[in-house]
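The values are calculated or read from the model by the stated rules, or taken from the named source; none is laboratory data. Treat the numbers as computed from the prediction; the structure is a model and nothing was measured. Positions of Cβ are generated from backbone atoms using ideal geometry, with glycine treated the same way; all protein chains shown enter the neighbour counts. When the accessible area is computed, the model is the full protein with side chains, heavy atoms only, and any ligands, DNA or RNA have been set aside. Shrake-Rupley method; radii C 1.70, N 1.55, O 1.52, S 1.80 Å.
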Amino acid sequence: MAMNNQGAGPGGSQWNSAQGFGHHPANDFQPQQHQGWWGHTTAREHHPTPARTSGHPFQPVWNQPPPRRRGVLNVILVIVAALVVAGVLLLLSLSLGPSAFLLCGILALVPLGICLLGLRWIDRWDPEPRGALLFAFLWGAGASVVVTLLLGTYVVELLGSALTTTSPDVIGPVLQAPLVEEFAKGLGVLILVYTRRSHFDGPVDGIVYAGTVAAGFAFTENILYFGSAVVESGNAGALVSVFILRGLFSPFAHVMFTSLLGFVLGYALSRGGGNARILVAFVLGLVPAIAGHMLWNGGTLVLFHNFFLFYLVVQVPLFIAAVIAVVLLRRSERRLTEARLGDYAHAGWFTPEEVRMLATRPGRSQALAWAQSVGAKQDMHAFIRTGARIAYTRQRMLGGRRDADYAAEERTLLEEATQRRARIFQLASSAR
């Protein structure tokens, strides 16, 4: 393969100039016609791509001082959320004892790691900002637990008064817990919508943010459940049983519930609209999240009396359906990237071969392998990620989003892509 030749580019010998792959005419590129969730927003507003003029003077992006961003609020939110998590974990430590808390905390890291790896797989096409994901996790692990504890007792009393013939064993886990917990987790997702709206491009982003909140909540809840098993039984058998059921059989339970809310919010944001649309989407998104949680908690209490039968008949099919849905959404993301970068190919910013390199999984893999052979892997990573950001910035503009200056962001990203490309060729030339 051409990859083994340090002088050849990721598309073979044709990627040999600072303009990208060869010199094929840009209008030869025909993006895929298949559209996904983003198709209905594309034609909402017309924004022609800026023309690429050769010889345009650019300053290296990485040599420029980082722009001042209005990130003070985000920093404050992360600090406050971290303090709340520290307080919650301190209370759990005092309640369970240091030894039991340490043991249960280590065990809770296992399902947490499984969830975070799964979310990382979902998010790897266009990764979300680490600061936003950190806040999402901290909110789930701390603030959502506090909200649940504060509201739980009142909601149980209200439901008990309204449903006098319903058993308390059903009201608590089947009704109260889904209502309060999904609302508490959903508040964190809603905060991210308002503080990180420019990073909400669609349903996949909503799933990632909501899933991260849920993973944090499940982490703290697992410590509590594992600790209760130790304290109440006093033997390792009960702890092992709870760990297997919660940590290994159903680590994605909370992630699946809250991701339904994230999907609805992400879809609503992709279609534009103001606060009214967001709040309506929040309420609508809570409905499937709460319903799924109720089904999960009530399966062995109301529908089935055998956990393993319920697991095979209900839980496994739901998990498979969720995986299939995520795979389809990720494919839609790739088609979106190819279609939007195709607009810039017509304007001369990218060549058709570059679009395929940036917008397809085989293209990215081949590009990274070639870049590693010439010592430019880090810059190629940045080039690929910048390409994805350009595509989604254009999609926001076409969808009529006005929550940021996307025209300025578009120009900055195009300049960065140009400089990254030049840097890659400079390194490749030095490696010859």
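Tabulate in residue order the Karplus-calculated ³J(HN,Hα) for segment 351-362, using 6.51 cos²θ - 1.76 cosθ + 1.60 with θ = phi - 60°, rounded to whole Hz; enter x for Gly and Pro.
With the stated coefficients, segment 351-362 comes to 8, x, 5, 5, 4, 5, 5, 7, 10, 10, 5, x Hz.
Under the rule a/c < 1.5 gives rounded, and otherwise a/b versus b/c splits prolate from oblate, where does segment 165-298 land using the Cα gyration tensor?
Note, shape of segment 165-298 comes out prolate.
Give me a comma-separated list of calculated 3J(HN,Hα) values for segment 230-238, in order, Karplus coefficients 6.51, -1.76, 1.60 applied at θ = phi - 60°, integers in Hz, x for any Gly or Pro.
Once θ is set to phi - 60°, the couplings for segment 230-238 become 5, 5, 6, 9, x, 9, 6, x, 5 Hz.
Can you tell me the length gained on complete extension of the stretch Ala276 to Gln372, counting 0.36 nm per residue apart and subtracting the Cα distance?
In short, 29.8 nm is gained.
How many percent of Cα pairs in segment 139-212 exceed 20 Å?
Considering segment 139-212, 42 percent of its Cα-Cα pairs are separated by more than 20 Å.
In terms of the Cα gyration tensor, with a ≥ b ≥ c the square roots of its eigenvalues, is segment 88-165 rounded because a/c is under 1.5, prolate because a/b exceeds b/c, or oblate?
Oblate.
So for each of 326-335, 161-170, 78-87 I average, over its residues, the number of other beta carbons within 10 Å; can you give me the resulting order with the highest mean first?
Taking the mean over residues of other Cβ atoms within 10 Å, the ranking is 326-335, 78-87, 161-170.
Tell me, what does the Kirkwood hydrodynamic radius of segment 322-432 come to in angstroms if you use every pair of distinct C-alpha atoms?
One over the average 1/r among Cα pairs gives 14.7 Å for segment 322-432.
Ranked from the most accessible area to the least, with a 1.4 Å probe and all protein chains present, what is the order of Ile106, Ile384?
Ile106, Ile384
Give me a comma-separated list of calculated 3J(HN,Hα) values for segment 298-305, in order, Karplus coefficients 6.51, -1.76, 1.60 applied at θ = phi - 60°, integers in Hz, x for any Gly or Pro.
x, x, 8, 9, 10, 8, 10, 10
Going 7 Å from the Cα of Ala162 in the Cα-to-Cβ direction, what parts of segment 173-195 have a backbone nitrogen less than 20 Å from that spot?
173-187
Taking a virtual spin label 7 Å from the Cα of Leu284 along the C-beta vector, which residues in segment 207-222 bring their backbone nitrogen under 20 Å of it?
Of the residues in segment 207-222, 207-211 have backbone N under 20 Å from the label point off Leu284.
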